[in-house]
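The values are calculated or read from the model by the stated rules, or taken from the named source; none is laboratory data. Computed from a predicted model, the values in this text were never measured in an experiment. Positions of Cβ are backbone-derived with ideal geometry, glycine not excepted, and every protein chain shown enters the neighbour counts.
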Amino acid sequence: MTDLAKPPATPADSARSARNSASDAREGLADAPQSYAQLTWSRLRHHRLAIFGAIGLVIIVVLFIFGPWLNKYGFDERNVRDRRQGPSREHPFGTDPIGRDLYVRILTGGRYSIRIAAIVAITSTLIGTIAGAMAGFFGKWVDAVVSQLINLVLIVPALIILLIFSRKFGANPLGIAMVLSALLWTRIARVVRGVVMQFKEQEFVQAARAAGASNMRIVFRHILPNVVGAVVVEVTLLVGTAIVLESTLSFLGLGVQPPTPTLGNLVYQEKGEINNDPIRVLIPGMFVVGIVLFVNFLGDGLRDALDPKTKVEKE
Amino acid sequence: MFAYTIRRVLTTIPLLIVALYLVHVGVSYTTDPLGSLRLCLPRCQDGYDLVVQAYDLDKSIWVRPFTWMGNAIRGDFGNSEAYNQPVSRALRVRGTNTLFLAVPAFVIAAFLGVLLSVYSARRPYSVGDYTFTGLSFVGLALPTFVLGLILQVILGVKLNEWFGVKPFITGTMKRGSIGEYISSGTLPILTLAFVSIAELSRFGRAAMLEVVNSDFIRTARSKGISERRVIWRHALRNALIPLVTLWALTFAALLGGSVVTESIFSWPGLGQAFLTAIAKPDLDLMMGITILASIIAIGFNLIADVLYGVLDPRIRYD
């Protein structure tokens, strides 16, 4: 700890300033000040896995959105003559037992899966943030109600609840998105509640209150911006969970019903073919693995990047 | 600690009752036990009335759970229509089958999880560490149905096609002799264990790395204790404290029955029974499995918290 040592009694000015700038550089004082967002961004940029995940996700999503148009077949167009074909130039992923092109079906299915995950992410973030913020901010009975609701969802294993309700509501994409959101908002709510409780007693909130800010203003302008980081990480990981749960339900035949394809029910429909042509059956599953893997990479990177304690690597 | 346990149990029981009530209402709302009977109505009025009587279908769905709960408190969980036997017996048989998967899967996962985390902590950022960390990332991203199908195809079918050996039976459960049990149970057990290993080793690696870099480990090393002893006696014991809670939760999840794994490998456990109950629909069996799975989840959560306090004297529950 050289900077704690007293400076020499009669230092030459030049030597002293050289030493200071050296220690400034060591402590980061020489750098221009950066905002939290800038620091986060530069930490994220240097997180190789996170960037890898982000690029992979973008590629997959772009493929899902534009891919089906690159092929002339419709997702439920039958060509019985071409049934059960392996991959070829005409059908990159082959065809199913009634001759539908699997390339188009899988990418369209991916489109539905991504759409479901996006709806789940948006609704459960909205519900979770509002419920968590109210619980954390108002405490007392509001907190009791929200906390018990969260515990209620945790008591019964999630898949059981999903299986029961997806039978009636899960047949169409919007329904299954609603069922999943009804379950997954609790994860967001728990995080938000914790952060809000931590912030609501701090001085800047008291200052805002002293200045006459209303409860709404305190929550939305002063406290919730601090929650964004934690929620972003949680939502990223939640997208992965939603896709896995949706495809699992569809795989069990209880999620989205045909003819609407999703990544899960494509595997479910082709399951019987797995001994003859495993690759064709597993491609939709591999897309699920890819999405979840990339989402987890990105989520982990974001968590590290949003943590102020993580050091930025210097180039 | 004792008071804490009692308090936890007492606060959870009302929640459990509310949860079961809501599940019952949900099931009644989403299923219709009269489905096929409606079609033959004037002809089979007697049978129709019998079913209505048996399931209280003439009452509001908000009232029906109370009848079920009243019976459940007296130990009568009703009759499973799908298996044509009392729910408690169906649960016992199916639960034992699930145990035959859950226990070995858990033992393998816990054992390998610890080995991998110790390895990663001793050689952090080595090739092996990166390989295992990468594998655990993949393991966490693999949905059970993809992993199960892959194992089934490679080890169950392709092995036979390529080498003409068929070591594993897929698609049924046999536990007549130990050999049959191993050959039919290995693949589902592997499927269940793989996901748990990924989670446990990832968590264990973080816990071990944190402990290995702490001061008392440096002290232990500076005293001249052998590295083996430092790792296995000093570091591992402390890293195990947070791991034990994760063990409890993992085991609870396995015990509840894995719907997907059991359905892929046709293992007649709790998970598959639940699918059967939903398809039927068999309300009493569904409620029986729900209450069993919930109690397992709650119980092991509690065990995890209590164990945490027992193992780590710094934690106090007052």
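Worth a mention:
- Just one residue in the set A:124, A:214 is small (Gly, Ala, Ser) and more than 22 Å from the chain's Cα centre (by Cα); that residue is A:214.
- With respect to (1) touching a Ser or Thr at 6+ places or on another chain (Cβ under 9 Å); (2) within 14 Å of chain B (Cβ to nearest Cβ), the lone exception for residue A:163 is condition (1).
- Subset tally (residues that are under 18 Å from residue B:206 (Cβ atoms) and among the β-branched types (Val, Ile, Thr)) for the stretch B:216-258: 6
- Hits in the stretch B:29-65 (condition: touching a residue at least 12 places away in the same chain (Cβ under 8 Å), within 17 Å of residue B:18 (Cβ to Cβ) and among the hydrophobic types (A, V, I, L, M, F, W, C)): B:61, B:62
- Filter pass, residue B:130 being assigned to a helix (DSSP H, G or I), of a type outside the set (Lys, Arg) and free of Cβ contacts under 8 Å to residues at least 40 places away in the same chain: yes
- Yes/no for residue B:296 being touching a helix residue (DSSP H, G or I) at 6+ places or on another chain (Cβ under 7 Å), among the β-branched types (Val, Ile, Thr) and buried (at least 22 other Cβ atoms within 10 Å of the Cβ): no
- Any hit, the stretch A:245-254, residues being at pLDDT below 85 and farther than 30 Å from residue B:206 by Cβ: yes
- Of the helices (runs of 4 or more DSSP H) lying entirely inside the stretch B:222-286, the ones with 2 or more residues being farther than 30 Å from residue B:156 by Cα and modelled with pLDDT of 85 or more are found at B:236-255.
- Members of the stretch A:241-269 that are hydroxyl-bearing (Ser, Thr, Tyr) and within 8 Å of chain B (Cβ to nearest Cβ): A:247, A:248
- Within the stretch B:3-14, residues that are closer than 16 Å to residue A:149 by Cα have Cβ atoms under 6 Å from residues that are in a helix (DSSP H, G or I) in these pairs: B:12/B:298, counting only partners at least 6 apart in sequence or on another chain.
- Failed condition for residue B:22, given (1) away from chain A (no Cβ under 14 Å); (2) surrounded by fewer than 19 Cβ atoms within 10 Å (Cβ to Cβ): (1)
- Checked against (1) touching a residue at least 40 places away in the same chain (Cβ under 8 Å); (2) over 18 Å from residue B:242 (Cα atoms), residue B:293 passes all but condition (1).
- Which listed residue, of A:95, A:40, is at pLDDT 70 or above, farther than 20 Å from residue A:263 by Cβ and of a type in the set (Val, Ile, Thr): A:40
- Taken over the stretch B:98-141, the residue count meeting the criterion of being under 26 Å from residue B:240 (Cβ atoms), at the interface with chain A (Cβ under 9 Å from one of its Cβ atoms) and within 19 Å of the chain's Cα centre (by Cα) is 1.
- Residue count for the stretch B:172-203 satisfying the condition of being at pLDDT below 80 and among the charged types (D, E, K, R): 3.
- Among (1) modelled with pLDDT under 85; (2) part of a helix (DSSP H, G or I); (3) surrounded by fewer than 18 Cβ atoms within 10 Å (Cβ to Cβ); (4) facing chain B (nearest Cβ under 10 Å), the one test that residue A:225 misses: (4)
- Residues being closer than 18 Å to residue A:259 by Cα and touching a Gly at 6+ places or on another chain (Cβ under 8 Å) are represented in the stretch A:55-70 by at least one member.
- Test: residue in the stretch A:193-206 that is among the acidic types (Asp, Glu), over 13 Å from the mean Cα position of the chain (by Cα) and over 29 Å from residue A:54 (Cβ atoms): yes
- In the stretch B:192-217, the qualifying residues are those that are touching a Ser or Thr at 6+ places or on another chain (Cβ under 6 Å) and under 20 Å from residue A:296 (Cβ atoms), and the one that is surrounded by the fewest Cβ atoms within 10 Å (Cβ to Cβ) is B:202.
- Boolean, residue B:285 is more than 9 Å from every other protein chain (Cβ to nearest Cβ) and touching a Gly at 6+ places or on another chain (Cβ under 7 Å): no
- Residues satisfying the stated conditions in the stretch A:171-210, i.e. within 13 Å of chain B (Cβ to nearest Cβ) and surrounded by fewer than 19 Cβ atoms within 10 Å (Cβ to Cβ): A:171, A:175, A:182
- Checking residue A:203 against (1) over 25 Å from residue A:286 (Cβ atoms); (2) of a type in the set (Asp, Glu); (3) in contact with a helix residue (DSSP H, G or I) (Cβ under 8 Å, 6 or more places away or on another chain), the condition it does not meet: (3)
- Residues that are more than 10 Å from chain A (Cβ to nearest Cβ) and within 18 Å of residue B:24 (Cα to Cα) within the stretch B:293-312 are absent altogether.
- Residue A:154 being part of a helix (DSSP H, G or I), free of Cβ contacts under 8 Å to residues at least 60 places away in the same chain and within 14 Å of chain B (Cβ to nearest Cβ): yes
- Residue among B:138, B:157, B:114 that is surrounded by fewer than 18 Cβ atoms within 10 Å (Cβ to Cβ), part of a helix (DSSP H, G or I) and touching a residue at least 60 places away in the same chain (Cβ under 8 Å): B:138
- Residue that is nearest to residue A:77 (Cα to Cα), among those in the stretch A:270-279 that are part of a helix (DSSP H, G or I) and more than 8 Å from chain B (Cβ to nearest Cβ): A:270
- Condition met for residue A:168 (surrounded by fewer than 17 Cβ atoms within 10 Å (Cβ to Cβ) and at positive phi): no
- Complete set of residues in the stretch B:29-60 that are within 10 Å of chain A (Cβ to nearest Cβ) and assigned to a helix (DSSP H, G or I): B:29, B:30
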